[in-house]
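Just so it is clear, none of the values below were taken in a lab; they were calculated from the coordinates. Everything numeric in this text was worked out from a predicted model, so none of it was measured. Cβ atoms come from the backbone with ideal geometry, glycine included; neighbour counts cover every protein chain shown.
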Amino acid sequence: MAETLDLAHLRTLLAVVDNGSFSRAAEQVHRTQSAVSMQIKRLEETVGKTLFERVGRRSELTREGVALVDYARRILRLHDEALIAVTRPEVTGVVRLGVPDDYMSGFLPEVLSEFAETYPQVEVELRCETSAKVSRAYEKGDVDIGLVTIAMVPQQCRLVRREPVVWATSRRHLVHERDPVPLAVFEPGCIFRQWARDLLDEAGRAYRIAYSSESMAGLVTAVEAGLAVTILPRSGLPHGFRELAPEEGFPALPFVDIGLIPPRADAGGAVHALADHIADQVTQAGLSQDL
């Protein structure tokens, strides 16, 4: 008789990949680290393949592991959708979601569109503000959940995405060649702004803060006009922009960890449904690169 994949083992595999380590995965699935390791071992025995290999001090997915992660996401998504369709009562209500608009302009629209198809009776109210303001709104009860830059908030967040951050300029202009280079950045307190200044200082590249804005729209306007260079999450790079490379005088930027401020325990079903959907759909395989 053919082997059968255990759904609990597949969920543990994704927890390891999405959280970036076995120890953090153990916290998510509420098991000990040794129990998580045992589940991965049993999954390897089921498929007859090694799923992780040691590379220096890190554990990385093997080729077979990468393939199984892709199948696991699809299997669990269909499984969960089937349960929703058959067993759950129709979910209704309003969810107030706080999110910075540079994330809203990138990967999130497709996620929200899929949520609307699955839960057509749920209304999502978007509050597009900085991560710090989303955090404060959550504490005051003005938003139900938040998708934020983890380093900018005090709340315990679930890591859902590790996003590349890039220098960006207009394809039609050469503003990046100016000395000092003019920057369009978010307001003081934003980690992107601090990264830009620190890295240019380290590289000895002269710059000036030409434009400062709380919204991405303000930054985009300055860059489109050829007035400044900015830094943005790669997924939110607007049409007509291009990345700037280290050989052009712009040092590589860190990845940003994006987290979900979870719903409170007494939140309604609609809130928990959106939180679960974001956690499942926003997560990207890139989280597995530093286990």
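Among the residues of the stretch 56-80, write down those that are charged (D, E, K, R) and either farther than 17 Å from VAL16 by Cα or part of a helix (DSSP H, G or I) (or both). Talk me through it step by step, then tell me what you get.
First, pick out the residues of the stretch 56-80 that are charged (D, E, K, R): 57-58, 60, 63-64, 70, 73-74, 77, 80.
Those that are charged (D, E, K, R) and either farther than 17 Å from VAL16 by Cα or part of a helix (DSSP H, G or I) (or both): ARG63, GLU64, ASP70, ARG73, ARG74, ARG77, ASP80.
Yes/no matrix, rows are residues, columns are (1) under 20 Å from the mean Cα position of the chain (by Cα); (2) among the polar types (S, T, N, Q):
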position: LEU232; (1), (2): yes, no
position: SER235; (1), (2): yes, yes
position: GLU248; (1), (2): no, no
position: ASP266; (1), (2): no, no
position: ALA270; (1), (2): no, no
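Which pairs do you get when a residue that is under 19 Å from THR50 (Cβ atoms), found in the stretch 1-24, comes within reach of a residue that is aliphatic (A, V, I, L, M) and not in a helix (DSSP H, G or I), reach meaning Cβ atoms under 8 angstrom, with the pair 6+ apart or on two chains?
Here the result reads LEU13/LEU51; VAL16/LEU291; VAL17/LEU61; VAL17/LEU291; SER21/LEU291; PHE22/LEU291, each pair linking the stretch 1-24 to a residue that is aliphatic (A, V, I, L, M) and not in a helix (DSSP H, G or I).
Which of the residues belonging to the stretch 131-146 are in contact with a Pro (Cβ under 8 Å, 6 or more places away or on another chain), within 22 Å of SER213 (Cβ to Cβ) and buried (at least 23 other Cβ atoms within 10 Å of the Cβ)? Steps first, answer last, please.
Start the filter on the stretch 131-146 by keeping residues that are in contact with a Pro (Cβ under 8 Å, 6 or more places away or on another chain), which leaves 131, 134-135, 144-145.
Imposing the further condition that a residue be within 22 Å of SER213 (Cβ to Cβ) reduces the set to 131, 134-135.
The answer is SER131, VAL134.
For the stretch 193-251, what are the residues that are surrounded by 18 or more Cβ atoms within 10 Å (Cβ to Cβ) and among the polar types (S, T, N, Q)?
THR230
Limited to the stretch 81-105, what total is found for residues that are in a helix (DSSP H, G or I) and surrounded by 12 or more Cβ atoms within 10 Å (Cβ to Cβ)? Let's see the steps before the verdict.
Here is the first cut: in the stretch 81-105, the residues in a helix (DSSP H, G or I) are 81-87, 101-104.
Right, trim to surrounded by 12 or more Cβ atoms within 10 Å (Cβ to Cβ) and you get 84, 101-104.
Residues that pass the stated criteria total 5.
Please find, within the stretch 33-49, the residue that is nearest to the chain's Cα centre (by Cα) out of those that are surrounded by 12 or more Cβ atoms within 10 Å (Cβ to Cβ) and hydroxyl-bearing (Ser, Thr, Tyr).
SER37
Quickly run through the stretch 175-202 and pick out the residues that are in a loop (DSSP other than H, G, I, E, B) and without any contact (Cβ under 8 Å) to a residue 24 or more places away in the chain.
Scanning the stretch 175-202 gives a single hit, ARG178.
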